[in-house]
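The values are calculated or read from the model by the stated rules, or taken from the named source; none is laboratory data. Everything numeric here is computed off the predicted structure, so don't read it as measured data. Cβ placement follows ideal geometry from the backbone for every residue including glycine, while neighbour counts extend to all protein chains displayed.
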Amino acid sequence: MNKTVKIKILLVEDDTNLGFVVQDNLKKAGYDVKLCIDGQMGLQTFLNEAFDLCLLDVMMPKKDGFSLAEDIRKQNAEVPIIFLTAKSMNEDKIKGFKIGGDDYITKPFNFDELVLRIEAILKRTRNKTNVNTKGDKDLFTIGKYDFDFRNQILTINNKKKLLTKKEADLLKLLCIHKNQVLAREIILNSIWGNDDYFSGRSMDVFITKLRKYLSEDSRIKIINIHGVGFKLLLEE
């Protein structure tokens, strides 16, 4: 499979031996594959990079494949999802499809069949969306501000503010989803690693800090959607 731009696949599989084998074979088939070993890592990777398709194991620590798929669907309704599972129960398959999965393959599986399923899904969906491409950016413009995520620097009128790692991670998520509601649990799970009460209070403090840092441009708002999440809004 020769591609000018490689299709990028997110593979989330906690069985590292199987994960490496699937990753290696998909790379040989011409795909660019990012392997994550648990659902939490998978979510954080999805939110910060661009992917054309997700392969998710169902039974995983920290965050199972169904929960991960639900979080992915909150941010992207189009990216194809294939579930990998040792289970073959109809109830699990139905649950996977209801969540928004596109296909379901039971372990152990034939690798050629997996590739054919991937190709069939991509052929059907490739023209519908260019998935999550904004996630590739490390440089953002927010009104009068320039934000360099890689170096954690926020700049306005040649004045530079060095952000902490969490501040930069949070601002990048808001930038990627600018003018969209970003769910509280997505922020908490991807940056704090859980969505408990204390992490929620900590996140609120960081939101307040970012509002202060961005206050020199009155068009920029970080709006609290009560009980749902936050939206980075740039008023015209």
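Points worth noting:
- The set of residues in the stretch 35-62 being surrounded by fewer than 20 Cβ atoms within 10 Å (Cβ to Cβ) and touching a Gly at 6+ places or on another chain (Cβ under 8 Å) consists of ILE37, ASN48, GLU49, ALA50, MET59, PRO61, LYS62.
- For the stretch 1-14, filtering for residues that are modelled with pLDDT of 90 or more and charged (D, E, K, R) leaves 3.
- Per this entry, ASP146 is counted among residues that are among the acidic types (Asp, Glu) and modelled with pLDDT of 90 or more.
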